[in-house]
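The values are calculated or read from the model by the stated rules, or taken from the named source; none is laboratory data. Bear in mind the structure is a predicted one, so any value in this text is a computation, not a measurement. Please note: Cβ atoms are built from the backbone with ideal geometry, for glycine as well, and neighbour counts cover all protein chains shown. For accessibility, only protein heavy atoms count, side chains too; no ligands or nucleic acids. Shrake-Rupley method; radii C 1.70, N 1.55, O 1.52, S 1.80 Å.
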Amino acid sequence: MPHLLLQDIAPLHDYGSPVIIAGPCSAETEQQTLDAARALCGIGVKVFRAGIWKPRTMPGCFEGVGDRGLTWLARVKQETGMAVATEVATVEHVRAALDAGIDILWIGARTTANPFAVQDIADMLRGNGTVTVLVKNPLNPDLDLWLGALQRLAGAGVNRLGAVHRGFSSAGSHLYRNDPQWHIPFELRRCAPQLTILCDPSHIGGKSEYVKSLSQQALDMGFDGLMIESHCNPDQALSDSAQQITPSVLKDILDGLVIRSGAPIEDELSLLRQQIDDCDRELLAVLSRRMSVSQEIGRFKQAHNLRIVQPARYQAVVNERIRQAAALGLPAAFVKQVIEAIHEESVRQQLNISNDQSNDQ
Ligand code: PEP
Ligand code: MN
């Protein structure tokens with residue numbers, strides 16, 4: 001099999017347009033897997049997903065049922081005729097999944113961030129023109145790691161290749177579980193115009209209530225399809241309980257999706273606006289984190305009987321920020337205004353703490 005370039009990778013045509021992949025985060029029991037598969041097949045889903053090897057951030061979480069889940073997926077395929085997809089992270093997973101007739105393998109965000117693991121998987125799949133491989137973006141917002149993983153697979157001759165955008169981890173509290181940073185998949189689109197790029201609104205949003213709006217947004221932005229987590233009883237799910245939706249909610253979402261032609265993904269202005277939206281989301285998250293620290297300081301000052309405004313510290317902060325901003329090409333007058341506004345709000349919040357505590361006494 002020749003070494004392929006990402007630009008040569010053709011779209012995945014045989015899973016419908018838009019491609020819809022749905023199923024539980026994890027296969028938990030044979031019954032739960034079959035119940036979900038039958039319900040999803042009943043609403044017209046053609047590709048079933050379920051994780052059986054779950055790389056979890058923290059030990060002690062549900063780490064999947066392992067190899068025995070493969071027979072459950074094989075049964076789903078045989079009974080419903082749906083194509084079946086599962087996550088692989090090691091060569092052993094790939095071998096077992098291929099032996100079980102799994103149609104689609106996906107490489108998860110934690111694995112995409114590890115070039116050794118991806119290369120091992122690519123070597124194992126060398127020359128395989130049958131299985132479909134989807135590469136989720138890495139946890140960190142690094143387009144090169146994502147591209148690199150796709151290139152390793154294309155380089156091994158894997159030609160049934162696609163990508164899944166599932167958002168990026170970031171510190172602090174945010175609206176969504178994973179920051180979409182839409183400009184990164186847009187840039188991937190520019191590098192690989194024919195590549196099938198799906199969006200995973202479940203992992204981006206992290207909450208079932210965001211799945212609908214993120215799905216529509218993704219299609220409006222030219223994604224080729226969606227990977228959505230669906231469980232018959234989301235409250236009881238052993239992983240990602242908050243973001244899973246029932247097959248019947250999924251049906252309502254799919255029925256309501258508006259498919260627009262002429263996706264604006266190539267529209268320069270909308271690309272730039274997405275970047276502004278991403279920046280504003282980051283700004284707000286940072287401001288909220290900064291205010292939490294201010295409140296902490298307020299409680300400390302209150303406990304130690306310190307004055308809220310310390311003029312020397314404030315002056316030092318303003319001077320230091322103006323100096324740092326100059327290095328970033330930001331004008332002093334503007335930065336001074338921003339810092340003053342932030343400081344004013346910090347003081348207001350610290351005064352509130354102080355007043356609340358005085359009132360309690
Ligand atoms: C998943 O799809 O259930 C999963 C673990 O995804 P990610 O690798 O995107 O976190
Ligand atoms: Mn999940």
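Give the residues of the stretch 32-63 that are on the phi > 0 side of the Ramachandran plot and touching a residue at least 40 places away in the same chain (Cβ under 8 Å), sorted by residue number.
44
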State whether one or more residues within the stretch 241-256 are open to solvent by 60 Å² or more (accessible area, probe 1.4 Å), within 15 Å of ligand 2 (Cβ to nearest atom) and under 21 Å from residue 40 (Cα atoms).
yes
Condition check: more than 16 Å from residue 224 (Cβ to Cβ), away from ligand 2 (no atom under 16 Å from the Cβ), in contact with a strand residue (DSSP E or B) (Cβ under 9 Å, 6 or more places away or on another chain) and among the hydrophobic types (A, V, I, L, M, F, W, C). Does residue 163 satisfy that?
no
With criteria (1) within 16 Å of ligand 2 (Cβ to nearest atom); (2) over 13 Å from residue 25 (Cα atoms), residue 206 comes up short on (2)
Suppose the filter is in contact with a strand residue (DSSP E or B) (Cβ under 9 Å, 6 or more places away or on another chain) and either small (Gly, Ala, Ser) or within 16 Å of ligand 2 (Cβ to nearest atom) (or both); does residue 218 pass it?
yes
Does the stretch 209-217 contain at least one residue that is farther than 30 Å from residue 8 by Cβ and either within 12 Å of ligand 1 (Cβ to nearest atom) or among the β-branched types (Val, Ile, Thr) (or both)?
yes
In the stretch 192-207, the residues that are away from ligand 1 (no atom under 12 Å from the Cβ) and either in a strand (DSSP E or B) or under 17 Å from residue 162 (Cβ atoms) (or both):
192, 193, 194, 195, 196, 197
Across the stretch 113-155, what is the number of residues that are among the aromatic types (Phe, Trp, Tyr) and surrounded by fewer than 18 Cβ atoms within 10 Å (Cβ to Cβ)?
1
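Is there a residue being in a helix (DSSP H, G or I), modelled with pLDDT of 95 or more, within 16 Å of ligand 2 (Cβ to nearest atom) and surrounded by 22 or more Cβ atoms within 10 Å (Cβ to Cβ) anywhere in the stretch 37-58?
Step one: filter the stretch 37-58 for residues in a helix (DSSP H, G or I), giving 37-42.
Okay, now just the ones that are also modelled with pLDDT of 95 or more, so 37-42.
Within this subset, residues satisfying the condition of being within 16 Å of ligand 2 (Cβ to nearest atom) are 40.
Keeping just the survivors that are surrounded by 22 or more Cβ atoms within 10 Å (Cβ to Cβ) gives 40.
Yes, there is a match, as at least one residue in the stretch 37-58 is in a helix (DSSP H, G or I), modelled with pLDDT of 95 or more, within 16 Å of ligand 2 (Cβ to nearest atom) and surrounded by 22 or more Cβ atoms within 10 Å (Cβ to Cβ).
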